[in-house]
1. How many of the residues making up the range 232-249 are within 14 Å of ligand 2 (Cβ to nearest atom) and buried (at least 19 other Cβ atoms within 10 Å of the Cβ)?
2. With aliphatic (A, V, I, L, M) and either more than 19 Å from the chain's Cα centre (by Cα) or at pLDDT below 95 (or both) as the only criterion, which of V208, V225, V281 stands out?
3. Just the residues that are within 15 Å of ligand 2 (Cβ to nearest atom) and over 20 Å from V5 (Cβ atoms), please, taken from the range 200-231.
4. Going through the range 144-178 one residue at a time, which ones are in a loop (DSSP other than H, G, I, E, B), small (G, A, S) and either within 16 Å of ligand 2 (Cβ to nearest atom) or more than 16 Å from the chain's Cα centre (by Cα) (or both)?
5. Could you please give the count of residues in the range 179-208 that are of a type outside the set (A, V, I, L, M) and in a loop (DSSP other than H, G, I, E, B)?
6. Quick check: is even one residue across the range 143-156 modelled with pLDDT of 95 or more, surrounded by 18 or more Cβ atoms within 10 Å (Cβ to Cβ) and within 28 Å of R50 (Cα to Cα)?
7. Are any residues in the range 182-195 open to solvent by 10 Å² or more (accessible area, probe 1.4 Å) and more than 12 Å from ligand 2 (Cβ to nearest atom), and if so, which ones?
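The values are calculated or read from the model by the stated rules, or taken from the named source; none is laboratory data. Since the structure is predicted, the reported quantities are computational estimates derived from the model, not experimental observations. Here the Cβ is made from the backbone with ideal geometry for all residues, glycine too, and neighbour counts use every protein chain on show. In case anyone asks, the SASA skips ligands and DNA or RNA and just uses the protein heavy atoms, side chains included. Shrake-Rupley method; radii C 1.70, N 1.55, O 1.52, S 1.80 Å.
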Amino acid sequence: MAIPVIDFSKLDGEERAMALAQIANGCEEWGFFQLVNHGISVELLERVKRVTSECYKLEREDKFFKKSAPVKLLKELVEKKSGDKLENIDWEDVFLLSDDNEWPPKTPGFKEIMTEYRAELKKLAEKLMEAMDENLGIPKGYIQKTFNGGDGEKAFFGTKVSHYPPCPHPEMVNGLRAHTDAGGVILLFQDDEVDGLQILKNGEWIDVQPIPNSIVINTGDQIEVLSNGRYKSVWHRVNVIPNGTRRSIASFYNPSYDATIEPATQLIKKENKEVKYPKFVFGDYMSVYTKQKFLPKEPRFKAVRTV
Ligand code: OGA
Ligand code: NI
């Protein structure tokens, strides 16, 4: 079983209806799908691969193996020979990019290339959200406007650059523990060769197959709420291996912290549906999420302060 692969260029041509239907299916049945012909040039993607790998080698790898918490904790656990697994930590090196982050000082071109990449990915996210609006039968721009908390540009667009270094005891620790994503739409540029990302589908973990230069899409908890459960956020995790470093670059289009999120009223009215999720401010959801990220999501919807 493999997650759907969708030719995004078809959205602009005669086969638009088919492309929309494939996106609807990806959102409703899978929560995860891959886009090819998404309009981001291979040349830019090659530069992104090069500069993120260079940055990892130059500025991060050594620190990970010499100083990081997972390396230290795994060593201690191996010495104890208890047979336990490391439960509360991920075998992952991460740094976050936003519009105003500190840039890695020693990697030439990093800031320029990643700024260009992020601008392209943000446009792709917006185009995809418009397709979702259309599929859900809500006004064009509705998701984006909701995440912005009205007109304006307050939505948060972040990029998480991750590396999963080789692990001597992959059975004893997760690359990234199972979770659903908190926010809106996530666009992942994953490693061509080192896989490891899996999603939970009908009770089974299945691999997200690497396709060179594709962009993997998944929807987070806020799209689940806004769509009143039609688009579910899906559990996923990353496994590590003893040889090979996995690179992944996840960009997320999330609501602004002060945006109000609730099931879209037009959707409820039109379909005469029961409202299945609360109405809340995204920042309040995040306070719950940060404490419960690796736990089931349903209690989060119950715990969040409602408005
Ligand atoms: C995440 C995530 C997957 C990956 O950062 O939330 O699921 O492959 N990442 O790194
Ligand atoms: Ni995730």
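1. So the count comes out to 7.
2. Going through V208, V225, V281 in turn, the sole match is V281.
3. G220, D221, Q222, I223, E224
4. G149, G150, G152, G175
5. Final tally of qualifying residues: 11.
6. There is at least one residue in the range 143-156 that is modelled with pLDDT of 95 or more, surrounded by 18 or more Cβ atoms within 10 Å (Cβ to Cβ) and within 28 Å of R50 (Cα to Cα).
7. The answer is D191, D192, E193, V194, D195.
So that you can scan it fast, the table gives a plain yes or no per residue for (1) surrounded by 15 or more Cβ atoms within 10 Å (Cβ to Cβ); (2) touching a Ser or Thr at 6+ places or on another chain (Cβ under 9 Å); (3) not in a loop (DSSP other than H, G, I, E, B):
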position	(1), (2), (3)
Y253	yes, no, yes
P263	yes, yes, no
K269	no, no, yes
D284	yes, yes, yes
Y289	yes, no, yes
P299	no, no, yes
T306	no, no, no
